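Before any comments, here is the structure.
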């Protein structure tokens, strides 16, 4: 086979691979959007009031009337799982957005200006990264007290350094590029250079990290709620729902499995979406 034929075959293979990645991206994006829509319209999609108690119907197994059964207070588990999607998914999105913006801003500024501020912020990030993330977050959440807002703050405090490290490394590499020096000679301010030239060119790796972090942050938020450091009873949130039913795992397993399956499905969808976004933005897969 000639060199030209080999090249044509390679191009066709790359196009097929790129199309396959695009199809996966669309598929997982549709599933993720479906979860978001479920969270947004959860109040209208619940077949029952998720907080209405009916002790006469307590701990009923899954049936046509209650597809996921009922809990100790007779509340419909399906309704509570659907209602819990709002707290679990939206809290995760807020958390990822906060650490994405904060970490990226700190990393870009430290990488561009350097100096004492860079040294201090990187040592602070070293301290945060030296501790196991969830253990450090548990300590902070315990100090702040229970509540989903405090759980988000605790995880934000320990999670931003990863983004700042990535953004700083990208900024250090980009600020030596010729077009940055040309922008300086053209009279652009430091803010203009960071916003117009550095940030757009280093956003890809940070964005992929944020997409991959959605599933991780969702599990960690659920973990804090499970330990009583996040969402508080009777709020419908997947982690706290698992915590309230953990003593009945052997006798009434649907009380724990219903929110657990919801967490598993949601984390799997967002992790697969993040992996697909990473593959799609990979320069090796962009060649055609």
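What number of residues in the range 231-286 are more than 17 Å from the chain's Cα centre (by Cα) and either part of a loop (DSSP other than H, G, I, E, B) or on the phi > 0 side of the Ramachandran plot (or both)? The number of residues fulfilling the criteria is 13.
For the range 221-230, the set of residues classified as over 13 Å from residue 85 (Cα atoms), in contact (Cβ under 8 Å) with a residue 24 or more places away in the chain and part of a helix (DSSP H, G or I) consists of 223, 224, 225, listed by residue number.
Yes/no matrix, rows are residues, columns are (1) surrounded by 15 or more Cβ atoms within 10 Å (Cβ to Cβ); (2) at pLDDT 90 or above; (3) more than 31 Å from the chain's Cα centre (by Cα); (4) over 30 Å from residue 218 (Cβ atoms):
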{"site": "7", "(1), (2), (3), (4)": "no, no, yes, yes"}
{"site": "11", "(1), (2), (3), (4)": "no, no, yes, yes"}
{"site": "26", "(1), (2), (3), (4)": "no, yes, no, no"}
{"site": "30", "(1), (2), (3), (4)": "no, yes, no, no"}
{"site": "64", "(1), (2), (3), (4)": "no, yes, yes, yes"}
{"site": "73", "(1), (2), (3), (4)": "yes, yes, yes, no"}
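Here residue 283 passes the criteria (1) modelled with pLDDT of 90 or more; (2) surrounded by fewer than 19 Cβ atoms within 10 Å (Cβ to Cβ) except the one numbered (1).
Taking the criterion of being in contact with a helix residue (DSSP H, G or I) (Cβ under 9 Å, 6 or more places away or on another chain) and surrounded by 15 or more Cβ atoms within 10 Å (Cβ to Cβ), the residues of the range 48-59 that qualify are 48, 50, 59. If the condition is being modelled with pLDDT of 90 or more and farther than 18 Å from residue 218 by Cβ, then the range 144-169 contributes 161, 164, 165, 166, 167, 168, 169.
Counting just the residues of the range 53-80 that are assigned to a loop (DSSP other than H, G, I, E, B) and touching a strand residue (DSSP E or B) at 6+ places or on another chain (Cβ under 8 Å), which one comes out nearest to residue 257 (Cα to Cα)? Steps first, please.
From the range 53-80, those assigned to a loop (DSSP other than H, G, I, E, B) are 53-54, 58-69, 71-75; that's our starting set.
From what is left, the residues that are touching a strand residue (DSSP E or B) at 6+ places or on another chain (Cβ under 8 Å) are 54, 58-60, 66, 68.
Numbers: 54: 21, 58: 16, 59: 13, 60: 14, 66: 14, 68: 9 Å.
Per the stated criteria, the residue is 68.
Of the helices (runs of 4 or more DSSP H) contained entirely in the range 126-207, those carrying at least 1 residues that are within 14 Å of residue 101 (Cα to Cα) fall at 148-174. Residues that are farther than 17 Å from residue 35 by Cα, part of a helix (DSSP H, G or I), free of Cβ contacts under 8 Å to residues at least 40 places away in the same chain and under 24 Å from the mean Cα position of the chain (by Cα) are absent from the range 112-121.
The values are calculated or read from the model by the stated rules, or taken from the named source; none is laboratory data. Model, not experiment: these values are computed from the prediction. All Cβ positions, glycine included, derive from the backbone under ideal geometry; neighbour counts span all protein chains shown.
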